[in-house]
Amino acid sequence: MGYTPQDFTLTRKRAEIQIKRSVEVNKWNAQVECATGKDRKHQELNHYIETVRTRVLKIHRELEQDGKPVTAEILKNLFNGANQPPKMLLERFREHNEKYRALIGKDVVEATVLRYERTVRYLEEFLKKEYKSSDIPFRNIDRQFVEKFEYFIKTEKNCAQNATVKYLKILKKIVTLALTNKWMTENPFTGIKFKQTQTNRDFLTEEELHAIMEKKFDIPRLEAVRDIFVFCCLSGLAFTDVQHLKPEHITKDINGEWWIRKAREKTNNVCHIPLLDIPAMIIEKYRKNPVCLQKNMVLPVPSNQRMNSYLKEIADVCGITKKLTTHIARHSFACFALANKVSMETIAKMLGHSDIRTTKIYAKVLDTTVSKEMETMKNKFAI
């Protein structure tokens, strides 16, 4: 005599369910999985076993109808009385992103939300390719899953190391949320260290900036993009900040000097930037622009994608081989300020950095600065 287990196999993985019924060994047919006795006791056992099968198939069908993954372990847990199906990665991730999107303009910027949503899309493609599934329970995520996803991002999405790290950090945040809520017990990121590579950020020389400023454009869209780019080069504003720059952000102090005072979209740190003559002229140029008036914005800034596309045209026309992007303007501003003996602390305040170490990433010592500062030493040791 012994308990009769029911064995269910799915995707080559097995899970046994003890139905807590017993039968004599010589009265059990293992091949057809039923009792062979003709009396009432054995017939009731067979009927109960069939009820168990029916219930498992019902759970299986409901999971499929809901588009949720089906594994032997999940079936077993639901059969044994689990009140809720296991918490799923993409299901919870999407819920998180919906809440995040509602916070745009309050605690987060749209670019951050878009990165989270892109991570979900990559995970969807990854799960279909590697696991033939539309979602995965949190408790099934292990270190191998993380490593495979990293490889997928690099190979299938052609992401460099630093971009890959950003997506992995986002996944880790969602996993941490799952661990906090006890949706999973093992941390798949234990022992994994994120290594970012140091990048050489491009910037313009003063000669290159003047070439762009002095170029005449017959196409209005290129002229506007050039003006916006120059404005960023001489103010240090990031693309999203200049895109949301409003007239109330341009203020005059008690000495009659004009300033840009605006909280950064990314960090909410306030930038304090003296308004130079050229940026002031650009503001005046677009003061009555229909787009600016309609949106209550200082400049008619297009989308980041269109902006970068037009900057490529401008670079070609001006004979500049560097890849012009909206962010190269911010780098250039930091370099110009440093070359003109502006302190790192002041540059950090203008850029809206709370940590001067962030500013040091932007600021590069130009060759002309090195040459000037070595002039005294050069003369002292001249032959």
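Taking Lys and Arg as +1 and Asp and Glu as -1, the other residues whose beta-carbon sits under 10 Å from that of P300 total +1. Between the C-alpha center of the range 146-184 and that of the range 35-59 there is a gap of 46 Å. Put in order of Cβ neighbour count within 10 Å, fewest first, the listed residues T54, T119 become T54, T119. Electrostatic tally near N181: other residues with Cβ closer than 11 Å to its Cβ, Lys and Arg +1, Asp and Glu -1, net +3. Rounded to the nearest 0.05, the FRET efficiency derived from the C-beta distance between V25 and D107 at R0 = 56 Å is 0.30. Per-residue Cβ neighbour counts within 10 Å put R61, R261 in the sequence R61, R261, beginning with the fewest. Using a Gaussian network model of the chain in which every pair of alpha carbons under 10 angstrom is joined by a spring, one finds that among L78, L299, L89 the greatest mean-square fluctuation is at L78. Judged by the gyration tensor of its Cα atoms, with axes a ≥ b ≥ c, the chain is prolate; a/c meets the 1.5 cut and a/b is the larger of a/b and b/c. Loop-located GluC sites (Glu not before Pro) across the range 164-213 with a Cβ neighbour count of 14 or fewer within 10 Å are E186, with loop assigned by DSSP. Electrostatic bookkeeping for E91 treats Lys and Arg as +1 and Asp and Glu as -1; over the other residues with beta carbon under 9 Å from its beta carbon, the sum is +2.
Rounded to the nearest 500, the 222 nm mean residue ellipticity of the chain from helices alone is -16500 deg cm²/dmol, with -39,500 (n - 2.57) taken per DSSP H run of at least 4 residues. Counting 0.36 nm for each residue step from T180 to W259 and taking away their Cα separation leaves a gain of 23.9 nm. The ranking of H353, H327 by Cβ neighbour count inside 10 Å, starting from the fewest, reads H327, H353. Classify the range 206-373 from the C-alpha gyration tensor, please: rounded if a/c falls under 1.5, else prolate or oblate depending on whether a/b exceeds b/c. Oblate, because a/c is 1.5 or more while a/b does not exceed b/c. Which stretch or stretches of the range 181-197 have amide N atoms under 12 Å from the point lying 7 Å from Q144's Cα along the Cα→Cβ direction? Hits in the range 181-197 for Q144 at 12 Å: none.
With Cα atoms defining each centre, the range 252-286 and the range 76-145 are spaced 41 Å apart in the structure.
No lab work stands behind these numbers, since they all come straight from the coordinates. All values derive from a computational prediction rather than experimental measurement. FYI the Cβ positions are ideal-geometry reconstructions off the backbone, even for glycines, and counts take in every protein chain you see.
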